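The structure appears below as structure tokens.
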Amino acid sequence: MDPAGPSLGLAELRAALASSDPAVRARAIAKVRTEPGIQEALIEALRDASADVRRAAVRALARLQGPMAARVLVQISTEDLAVSVRAEAVAALGRIMEARSKVQSGTSEGQAPTE
């Protein structure tokens, strides 16, 4: 799968997650688009045997920034066996919190808050 290629929906993601190749699974996760069922499929991918696949799922969940994603990332940040996955979850939570604080304060990247 070419990273510049089209995004994947739920059916394509599920097909890729059935692959025996962790690189195929991770690349598919990186290309998902937001649609119903994607968040749940990504949460399932957090149980994958491959740390690379779990890291990709963490990144994708961070892009979704939903309340369920944040709760799951908190859990992964403390419970995943791989340090790299836990670290990715912590970084993802930081990005989610930063995005939420910008929305709440009405600022965007590089813009000072107005009073």
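The table below lists the values:
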read-out: Near pairs, Cβ below 7 angstrom, 6+ apart or cross-chain, from the range 42-53 (in contact (Cβ under 8 Å) with a residue 24 or more places away in the chain) to any residue that is assigned to a loop (DSSP other than H, G, I, E, B); value: 51/82
read-out: Residue match in the range 56-69 (condition: in a helix (DSSP H, G or I), touching an Asp or Glu at 6+ places or on another chain (Cβ under 8 Å) and surrounded by fewer than 17 Cβ atoms within 10 Å (Cβ to Cβ)); value: no
read-out: Selection count, the range 80-109, where residues are in contact with a helix residue (DSSP H, G or I) (Cβ under 8 Å, 6 or more places away or on another chain), assigned to a helix (DSSP H, G or I) and either charged (D, E, K, R) or crowded, with 18+ Cβ neighbours inside 10 Å (or both); value: 8
read-out: Matching residues in the range 2-32 - criterion: being within 11 Å of the chain's Cα centre (by Cα) and either among the aromatic types (Phe, Trp, Tyr) or more than 12 Å from residue 53 (Cβ to Cβ) (or both); value: 31, 32
read-out: Which listed residue, of 5, 66, is closer than 19 Å to residue 96 by Cβ, among the small types (Gly, Ala, Ser) and at pLDDT below 95; value: 66
read-out: Contacts under 6 angstrom Cβ, first residue in the range 72-101 being in contact (Cβ under 8 Å) with a residue 12 or more places away in the chain, partner polar (S, T, N, Q), 6 or more apart; value: 89/77; 90/77; 96/65
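The values are calculated or read from the model by the stated rules, or taken from the named source; none is laboratory data. Model, not experiment: these values are computed from the prediction. So basically every Cβ, Gly included, is an ideal-geometry build from the backbone, and we count neighbours across all protein chains shown.
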